[in-house]
Protein chains: 2
Amino acid sequence: MTVKLHCFGESGHSYKVALALELGPLDWQPIFVDFFNGEARSEAYRDLNSMGEAPVLVDGDLTLTQSGVIQAYLSEKTGLFGGDTQQEARDILRWTLWDNHKLSSQIGVLRFMTNFLPAEKRSAEVIGFLTGRAKSALAILESELTQRDWLVGRSVTNADLTCCSYLFYPEEYGFTRQDWPAIDAWLARIEALPGWKHPCELMQRGFAA
Amino acid sequence: MTVKLHCFGESGHSYKVALALELGPLDWQPIFVDFFNGEARSEAYRDLNSMGEAPVLVDGDLTLTQSGVIQAYLSEKTGLFGGDTQQEARDILRWTLWDNHKLSSQIGVLRFMTNFLPAEKRSAEVIGFLTGRAKSALAILESELTQRDWLVGRSVTNADLTCCSYLFYPEEYGFTRQDWPAIDAWLARIEALPGWKHPCELMQRGFAA
């Protein structure tokens with residue numbers, strides 16, 4: 001049965017799941033969420049996810065939200081990306097929580113503010129604040145990836161798939177791969193995985209490219 | 001063996017775990033982290049947790065970081081707060097990720113900025129931004145708790161323990177329980193649990209009360 005993913009191209013949180021589906025590979029279909037025109041705040045969408053967020057995965061009778069929950073579910077289904085031991089599974093959850101708290105959460109909003117929000121609504125102070133938070137998180141990621149090829153264990157896991165997601169977008173928000181050599185090399189390792197695709201190849205964009 | 005928790009009173013993330021330990025109850029001991037004087041950025045602390053965050057749990061040979069990871073571990077150990085079914089366990093992880101991304105993360109920084117950061121370093125625009133984010137999250141929590149007594153299942157779980165943590169602090173940051181009646185009633189249910197204690201009864205504060 002085809003798995004359906006409610007998602008959109010600019011959503012790094014959707015990409016965490018879309019990339020896991022594509023690398024699986026699993027039979028899946030993206031369903032475009034018109035996030036920038038408020039679809040995620042509509043009553044119909046709130047019935048799908050009361051948190052008003054993308055992605056949402058529908059697999060037969062099962063509906064799941066929160067990218068980290070969906071990633072864990074897909075690992076149960078495929079045996080992939082979930083780690084080989086209990087310690088690895090805990091480490092993957094550790095990075096998933098950290099990413100949702102400190103990395104993707106900050107970068108997602110920063111990128112929105114510097115690219116998608118109308119210029120007159122942007123606040124330089126808020127952008128400066130978010131840039132500082134994002135750089136602190138990137139420094140921790142860089143330090144970790146200086147010591148190892150993958151965040152957990154010896155191959156790609158959900159820890160990598162969650163942390164990498166926003167870093168493939170081309171929009172300017174103060175992140176340049178060359179400034180972070182260990183992150184750059186790790187992103188290149190992810191891009192070299194068989195079946196890897198860019199977020200906007202996997203999911204429809206809300207804004208024109 | 002006594003479980004050790006590296007923590008401090010002002011840390012809502014530490015409180016998520018301290019409260020689970022106290023409600024268990026488990027034999028545990030808080031170890032004060034002098035966060036506001038930079039201890040979490042020290043080399044010794046980075047050896048304990050490369051992410052430079054509290055809490056850190058040490059149980060014999062096992063060291064765990066990220067409150068959501070530690071909460072899940074304690075549930076394995078005690079059989080408490082982890083939900084009764086696979087669906088409940090997924091829902092608990094869903095709320096834990098949402099809380100780390102949208103609720104505690106925003107409120108923790110907002111409360112820091114409005115209470116602990118020297119006045120001359122505060123930015124009204126950043127405080128306004130974080131207040132908006134916090135209120136959006138509180139509205140989702142309020143809506144959910146209008147429909148049920150506990151976030152997942154029929155009794156308290158880690159979903160409640162993660163989401164409630166910052167809401168017990170008395171410092172002013174724009175949250176007043178009376179404005180959110182369903183959240184207020186839910187916090188009262190948590191306070192009525194046998195063994196419940198306020199964060200600053202369980203852990204030493206960094207700032208004088």
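The values are calculated or read from the model by the stated rules, or taken from the named source; none is laboratory data. All values reported here derive from a predicted model rather than from experimental measurement. Every residue, glycine as well, gets a Cβ built from its backbone with ideal geometry; the counts of neighbours run over all protein chains shown. For the accessible areas, the whole protein counts, side chains as well, though only heavy atoms, and no ligand, DNA or RNA atoms are used. Shrake-Rupley method; radii C 1.70, N 1.55, O 1.52, S 1.80 Å.
Quote the FRET efficiency, to the nearest 0.05, computed for B:Thr146 versus A:Ala44 with a Förster distance R0 of 30 Å and r equal to the Cβ-Cβ distance. E between B:Thr146 and A:Ala44, to the nearest 0.05, is 0.90. The calculated pair-distance distribution of chain B uses every alpha carbon pair, bins of 10 angstrom beginning at 0, and gives 8, 35, 38, 16, 2, 0 percent.
Shortest first, B:Asp27 label-point distances to identical copies amount to 5.6 nm, with the label point at 7 Å from Cα along Cα→Cβ.
Only lysines eight or more places from A:Lys77 in sequence, or on another chain, were considered; those with a Cα closer than 30 Å are A:Lys4, A:Lys16, A:Lys102, A:Lys197, B:Lys77, B:Lys102. Across A:Asp184, B:Asp179, the residue with the most accessible area heads the list, and the full order at a 1.4 Å probe is B:Asp179, A:Asp184.
Per-residue ellipticity at 222 nm, computed for chain B from helices alone with -39500 (n - 2.57) per DSSP H run of at least four residues, works out to -14000 deg cm²/dmol. In nanometers and ordered shortest first, the copy-to-copy spacing of the B:Cys200 label point, defined 7 Å from Cα toward Cβ, is 5.0. For segment B:137-207, the Kirkwood hydrodynamic radius from C-alpha pairs, put into Stokes-Einstein at 37 °C and a viscosity of 0.692 mPa s, yields a diffusion coefficient of 253 µm² per second.
Of the residues B:Phe116, B:Phe207, B:Leu19, the one whose Cα sits farthest towards the positive end of the charge dipole of chain B is B:Phe116 (charges of +1 on Lys and Arg Cβ, -1 on Asp and Glu Cβ, taken about the Cα centre). For the protein assembly as shown, what class follows from the C-alpha gyration tensor (a ≥ b ≥ c being the square roots of its eigenvalues): rounded when a/c is under 1.5, otherwise prolate if a/b is larger than b/c, else oblate? Rounded. How many angstrom separate the Cα center of segment A:122-137 from the Cα center of segment B:162-207? Each part reduced to its Cα centre gives a spacing of 29 Å. Placing +1 on each Lys and Arg Cβ and -1 on each Asp and Glu Cβ, with no other charges, gives segment A:55-209 a dipole about its Cα centre of roughly 240 debye. For A:Glu88, the solvent-accessible surface computed with a 1.4 Å probe is close to 40 Å², ligands and nucleic acids excluded. For B:Glu120, the solvent-accessible surface with a 1.4 Å probe is about 150 Å², rounded to the nearest 10. Net charge of the neighbourhood of A:Leu19, taken over other residues with C-beta under 12 Å away and scored Lys/Arg +1, Asp/Glu -1, is -2. Charge dipole (Cα centre; +1 on Lys/Arg Cβ, -1 on Asp/Glu Cβ; no other charges) of segment A:77-122 amounts to roughly 240 debye.
Summing Cβ point charges (Lys, Arg +1; Asp, Glu -1) relative to the Cα centre of segment A:1-61 gives a dipole of roughly 120 debye. With θ taken as phi - 60° and the Karplus curve 6.51 cos²θ - 1.76 cosθ + 1.60 applied, the whole-hertz 3J(HN,Hα) list for segment A:130-136 is 5, 4, x, 5, 5, 5, 4 Hz, x standing for glycine and proline. Of interest is the spacing of the C-alpha centroids, which for segment B:42-114 and segment A:19-34 amounts to 29 Å. Remark on segment A:66-103: accessible area falls by at least 40 square angstrom from chain-alone to full-complex state for A:Gln66, A:Val69, A:Arg90, A:Leu93, A:Arg94, A:Leu97, A:Trp98, A:Asn100, A:His101, probe 1.4 angstrom.
Comment: the Cα-to-Cβ extended label point of A:Ser123, at 7 Å, lies 0.8 nm from its counterparts in the other copies, nearest first.
In terms of accessible area, using a 1.4 Å probe and ignoring ligands and nucleic acids, A:Lys121, A:Lys135, A:Lys197 rank largest first as A:Lys121, A:Lys135, A:Lys197.
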